[in-house]
Amino acid sequence: MEEKSPIVAGILSLFIPGLGQIYNGQVGKGFLCIVLTVILFILIFLLIGILLYPIWILLCAYDAYKTAQIINEGDEPPFIPF
């Protein structure tokens with residue numbers, strides 16, 4: 001795998017959760033993050049998403065950042081590194 005920037009991966013996932021995972025080459029995980037983001041966004045209107053949505057965005061950004069670091073070390077990234 002080619003080297004990935006953890007900063008770029010994290011920032012991409014902060015703007016669109018899942019985009020950093022796709023950047024890292026984990027397309028399935030990226031689409032899963034995107035789908036869950038849409039679901040949590042819809043739940044904002046039921047109030048539970050107000051708390052979960054920002055937590056999910058930060059969790060996706062952290063995952064993208066850590067996955068890029070794992071890729072740069074030459075290891076195979078797990079599906080869920082946290």
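I22 is checked against (1) without any contact (Cβ under 8 Å) to a residue 12 or more places away in the chain; (2) open to solvent by 80 Å² or more (accessible area, probe 1.4 Å); (3) touching a Lys or Arg at 6+ places or on another chain (Cβ under 9 Å) and fails just one. What number does that condition carry?
Unmet for I22, out of (1) without any contact (Cβ under 8 Å) to a residue 12 or more places away in the chain; (2) open to solvent by 80 Å² or more (accessible area, probe 1.4 Å); (3) touching a Lys or Arg at 6+ places or on another chain (Cβ under 9 Å): (2).
Could you look through the stretch 47-57, keep only residues that are without any contact (Cβ under 8 Å) to a residue 24 or more places away in the chain and in a helix (DSSP H, G or I), and pick out the one that is surrounded by the most Cβ atoms within 10 Å (Cβ to Cβ)?
The qualifying residue surrounded by the most Cβ atoms within 10 Å (Cβ to Cβ) is Y53.
Looking at I70, I44, which one is touching a Phe, Trp or Tyr at 6+ places or on another chain (Cβ under 8 Å) and either surrounded by 12 or more Cβ atoms within 10 Å (Cβ to Cβ) or outside any helix (DSSP H, G or I) (or both)?
Result: I44 is the single residue among I70, I44 that is touching a Phe, Trp or Tyr at 6+ places or on another chain (Cβ under 8 Å) and either surrounded by 12 or more Cβ atoms within 10 Å (Cβ to Cβ) or outside any helix (DSSP H, G or I) (or both).
Would you say P78 is buried (at least 16 other Cβ atoms within 10 Å of the Cβ), free of Cβ contacts under 8 Å to residues at least 60 places away in the same chain and outside any helix (DSSP H, G or I)?
No: the conditions fail for P78.
May I ask you to list the residues in the stretch 11-41 that are of a type in the set (S, T, N, Q), part of a helix (DSSP H, G or I) and within 21 Å of I70 (Cα to Cα)? Give the steps one after another, and end with the answer.
Applying the first criterion (of a type in the set (S, T, N, Q)) to the stretch 11-41 yields 13, 21, 24, 26, 37.
Now narrow it down to the ones that are part of a helix (DSSP H, G or I): 13, 21, 37.
Correct list: S13, Q21.
Determine, yes or no, whether L32 is in contact (Cβ under 8 Å) with a residue 24 or more places away in the chain, under 11 Å from the mean Cα position of the chain (by Cα) and open to solvent by 70 Å² or more (accessible area, probe 1.4 Å). Please lay out each step first, then the result.
Working: in contact (Cβ under 8 Å) with a residue 24 or more places away in the chain: no; under 11 Å from the mean Cα position of the chain (by Cα): yes; open to solvent by 70 Å² or more (accessible area, probe 1.4 Å): yes.
No, not satisfied.
The values are calculated or read from the model by the stated rules, or taken from the named source; none is laboratory data. Note that the structure is a prediction, hence the values are computed from the model and not measured. As a convention, Cβ positions derive from the backbone with ideal geometry for all residues, glycine included, and neighbour counts pool all protein chains shown. Ligands, DNA and RNA are stripped out before the accessible areas are found, and what is left, the full protein with its side chains, is counted by its heavy atoms. Shrake-Rupley method; radii C 1.70, N 1.55, O 1.52, S 1.80 Å.
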